[in-house]
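Notes for the one structure printed next.
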Amino acid sequence: MKRSTIRNRSAVFVAAAVLILLQGCASLAPDKREATLETAASLDGFNPAGLWLYEDKLVTGEVDLDEQGNGSYPWEEGFFVTEAWSDGTWRGTWHQPGNNREGGFELRLTDDYTFAFGRWWYTRIGENTAPGKPDGKFTLTRF
């Protein structure tokens, strides 16, 4: 067998082994989607479970949340993680594995809990953890 053929097969084997190892390591990493509020009682009677309409300057879409305010949206395999709820202010993070970005959000809910308005920001774009990208305003409206 030619030396170049052996070298090419070796490279393919090494690449496959690396992919298998990376997949195994990724399965050991904690899933940020499992983060929840410390207690459901901290929601003060607010149950965010259900479909919400997300709107910002450029994007409109649905967000499907559970009782803790965690849930998914279709854009770039995105998901929200609620981290805090206090006195009508809703804080958390958003993650988009599809385009390797994440950030935070802060919303203020109306008294009837059917509408929230606030802002989002980047905390990471790819490997850049100080992206300097501007934040944006957005709203959530309960269906």
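Restricting to the stretch 111-143, and then to whatever is hydrophobic (A, V, I, L, M, F, W, C) and part of a loop (DSSP other than H, G, I, E, B), can you tell me which residue is nearest to Leu65 (Cα to Cα)?
Among them, the one singled out is Phe143.
Where residues in the stretch 110-131 are farther than 18 Å from Glu62 by Cβ and of a type in the set (A, V, I, L, M), which of them is farthest from the chain's Cα centre (by Cα)?
Restricting to residues being farther than 18 Å from Glu62 by Cβ and of a type in the set (A, V, I, L, M), the top hit is Ala130.
Please identify the pairs in which a residue from the stretch 101-113 that is in the same structural domain as Leu65 (by TED's automatic domain parsing) and surrounded by fewer than 15 Cβ atoms within 10 Å (Cβ to Cβ) has its Cβ atom under 9 Å from the Cβ atom of a residue that is small (Gly, Ala, Ser) and in a strand (DSSP E or B), counting only partners at least 6 apart or on another chain.
Pairs found: Arg108/Ala116; Arg108/Gly118; Thr110/Ala116.
Going through the stretch 96-110 one residue at a time, which ones are outside any loop (DSSP other than H, G, I, E, B) and touching a helix residue (DSSP H, G or I) at 6+ places or on another chain (Cβ under 6 Å)?
Gln96
The values are calculated or read from the model by the stated rules, or taken from the named source; none is laboratory data. What you are looking at is a predicted structure, and each value in this text was computed from that prediction instead of being measured. Please note: Cβ atoms are built from the backbone with ideal geometry, for glycine as well, and neighbour counts cover all protein chains shown.
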